[in-house]
Each structure stands twice: as structure tokens, then as C-alpha cells.
Amino acid sequence: MKNNKIGRRSRRTKQLKIAIVCFPTYGGSGAVATDLGIELAKRGHEVHFIANDVLFRLDSAWQKNITFHLVEEPDHPVLDGSSVYVLALANKIAEVCRRYDIDIISTHYSIPHAAAAALARDMPGTKAKVVNTFHGTDVTQLSENLNLKELMRYSLNKCDGLTAVAHSLSRHAEESYSLDKAPKVIHNWIEKQEYPAAQAKELRDLFANRNEKIITHISNFREVKRIQDVMAIFLGIRKKVKVKLLLIGDGPEQRIAHRLITKHRLINEVHVLGLQTNVSRILSISDLFLLPSSSEAFSLAALEAMSFGVPVVATNVGGMPEMIEHGESGFLSEVGDTKSMIEHGIKLLTDQDLHDKVSANSERRVAKEFNAKLAIKQYEDYFEEVLNAKD
Ligand code: GMT
């Protein structure tokens, strides 16, 4: 028994040096990349983040084994408008790889990171291998962009390894980029950040009366999030249940919400809270989470809502059916079918037994299937597999 334990613990002999390249913006792929780096550092790997701004999730979770490298875009009048960021990024990746003897370059969101990393990897003095992770619209939207397609197909096939955050995304990437094989699937994960009950109660009182329910939507307010549907579902549910809506995040389509708030005189019913670095406090007071997207690889926001036992009403797109078992750990409807999403919302908010069941199933499912321990081990194993593969 004792030997077994020691054997298991010491199985991973090599601590890796990993460069993580990602977007610093508030958004899923940057958040997943940052969490991945933090978890790898906790397990003793040396992690080097490379981005063009501070990473919002890193601040409060900074720890040993982590270094941050800033990419600065060269400023020169002749270069004005020629967007040399990708070249500066490749230069920085190569520099970090050489200086720190990096084993793996883990890129998140393939455009432009995979091409920059593949270029850096081929520079002299770099022994690193490139593993790119597909996150969503880098496949579902940008693979159709003919201005990028040739370069993307070339650089993705030059990567040493590829992962995707959902099976559906992996299949889509294989097909649309004509990859040699389907990317390995490693689902996103979430580690629930508890929020003290007493503070949650105070916070809830700020937004809703005791007899009112709270509906939440968190996103980057892009077209794919279908903000018009979020508002339509809220308006539909509101006809039958006393509810308030909290909107978290920012983006171009937030103006749709503002327009409808004015049109329907909802200024006291809908709270537009904007960007939040810590959404756990909002989720801890929510009764329902809406995500009516037209496309969604494997929503981190929905996963986080489920980790708080908040039932999710979403669309049956991308990797969402891999996350939610319809009727058991949430509800899925077709894109644009706001009638069905209103019905699911009303049922969940008026039938306490159903709410309790879906809430418990959601929490259990995330803790069991989509936790850090599982996901990070999959990344570690895959990185080792890529390192051990013959060139
Ligand atoms: O692809 C995007 O739209 C951006 C990306 C991001 O950086 O926010 O979101 C994608 O990656 C997230 C992290 O893996 C996933 O949680 C989101 O589902 C995915 N978004 C879409 O597929 C629309």
C-alpha cells in the first residue's frame, strides 16, 4: 500500500518549463489559460505567462513558479497600422524559450498565437514544442476567414500538439482546418470560489426583495451571445414570476440591453453591473443563469454557475450538451427558441423540487467531471506525450 502511494506520487518525475501565451482580456480563453498556469505552478512546474497586458485573474492568485512577460509592440511611424504585434509576440516567445529553456509553449486561442509560437519554435536555440488549445470562435468563426485560412492551416499543422475544450470543437477544428488528426479534448474546469453566506445575503438585498428571484447573464456581449434573447427570456419569465436580472460583462451588444431597458421601463428591474473580476459573489445569489448563445464551445460562465448550483438555461450548441444533461443538470433549447427557454425558466423558478434537483445535479456534475485535478492531469499527460513523441 505504502509503496503504491509513493509510486503514484512520484510517477511524474519531470517538472516542466511551460510558456503560456494568451489574451489578457476579460474572456474565457484568457481565464482558462491563466487558471491552467496557476494550477501547473501549484504542482511545481515553472510557468511563464506571455501577453500584452496584465492577466486579470493572476493578480489575486499569484504564486511561486510564475513569471509574467509583457509583449510590447514596436512603435515607429513607418510601421503605423501594419500591426507588427504578432512579430513582436514571436520574438518575445523565442526570447523566453531560449532564456528559460522552455519545454512547452501552450498557446490559447489559435489566432494569432499558434502561428507566432510555431515561428518562435523554429528559431535557433529553442527546443520547445508547441501545443495549441482551440477555444471557440477561433474555429467556429475564424476558420471561415479566407484572409487567414492558408496561414492557419499551415501553422496549426506545424504545431506539435493540439487540444480543444470540447468534442464538438475538436471535430469542427479537424474538419475546417484539414488537420492530420482531431485535437485532444480537455474540457474546461472550474474550482468553486466560495462566497461567505452572510455577505451573500447582504448583497442579495441590494438587488432584490425577499419574494423576488434573481436571473443572471455573464458574457462578453458579442453577437453570438444573443443579448436580444436574454432580454426576451427575462421579459417572458417576468410575466409569471417576480424577477430581477443582473447583467455582468461588457461588449458591443450591451447597447441592445440598454435600448430594451429604456423601451420597457426596466431601470429598476435590470442591473447592468459591467465587468467583474470576481463573479462568484453574483453567482452565489443567483437563482437562474441564462446563456442563449448561437455558438458556444464550452462556456466557462455556465460551468461556474453550475458549480454554485445555479440551474442553467442554455442553447443546444457546440459543447453545451457535453456539459449539461437536458432536464437533469440544466435545460437546453434550440437557438432563438425563446418560448422554450421562458418555459424552462418559469418551471425552474416556480417548482422548488425541480430547482433543488437541477441545482444539486449541476453542482455534483461540475465537482465530479469538470474539476481542476482531472483537467490539469490531462494537460500534464498530454504535454509529456508531446515531449516524448518522436519528431
Ligand atoms: O471564442 C470566443 O468567442 C472567445 C473565447 C474567449 O476568449 O472568451 O470564448 C470561447 O472560449 C471559452 C474558454 O474556453 C469558452 O468558455 C467559450 O465557450 C468560447 N466561446 C465561444 O465558443 C463562443
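The values are calculated or read from the model by the stated rules, or taken from the named source; none is laboratory data. Remember, it's a predicted structure, so these values are computed and weren't measured experimentally. Cβ: placed from backbone, ideal geometry, glycine included. Neighbour counts: every protein chain shown.
Listed values, structure above:
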item: Some residue of the range 156-163 being away from the ligand (no atom under 13 Å from the Cβ) and of a type in the set (D, E, K, R); result: yes
item: Residue 391, sole failed condition from (1) in contact with a Pro (Cβ under 8 Å, 6 or more places away or on another chain); (2) outside any helix (DSSP H, G or I); result: (1)
item: Which listed residue is on the phi > 0 side of the Ramachandran plot, surrounded by 24 or more Cβ atoms within 10 Å (Cβ to Cβ) and out of contact with any Lys or Arg (no Cβ under 7 Å at 6 or more places or on another chain), from 309, 345, 330, 336; result: 330
item: Boolean, residue 102 is assigned to a loop (DSSP other than H, G, I, E, B) and buried (at least 19 other Cβ atoms within 10 Å of the Cβ); result: yes
item: Condition broken by residue 277, with the remaining ones in (1) polar (S, T, N, Q); (2) modelled with pLDDT of 95 or more; (3) under 24 Å from residue 134 (Cα atoms) satisfied; result: (2)
item: Considering residues of the range 171-215 that are more than 16 Å from the ligand (Cβ to nearest atom) and assigned to a strand (DSSP E or B) only, the residue farthest from residue 323 (Cα to Cα); result: 213
item: Selection within the range 295-311 - within 16 Å of the chain's Cα centre (by Cα) and either among the small types (Gly, Ala, Ser) or assigned to a strand (DSSP E or B) (or both); result: 295, 297, 299, 301, 302, 305, 307
item: Residue check, residue 370 in contact (Cβ under 8 Å) with a residue 60 or more places away in the chain and within 30 Å of residue 122 (Cα to Cα); result: no
item: Number of positions in the range 242-280 that are under 26 Å from residue 35 (Cα atoms) and crowded, with 18+ Cβ neighbours inside 10 Å; result: 5
item: Residue match in the range 232-240 (condition: touching a residue at least 40 places away in the same chain (Cβ under 8 Å), surrounded by fewer than 18 Cβ atoms within 10 Å (Cβ to Cβ) and under 20 Å from the mean Cα position of the chain (by Cα)); result: no
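Okay, residues lined up against (1) within 16 Å of the ligand (Cβ to nearest atom); (2) part of a helix (DSSP H, G or I); (3) surrounded by fewer than 21 Cβ atoms within 10 Å (Cβ to Cβ):
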residue: 114; (1), (2), (3): yes, yes, no
residue: 117; (1), (2), (3): no, yes, no
residue: 127; (1), (2), (3): no, no, yes
residue: 131; (1), (2), (3): yes, no, no
residue: 150; (1), (2), (3): no, yes, yes
residue: 153; (1), (2), (3): no, yes, yes
residue: 169; (1), (2), (3): yes, yes, no
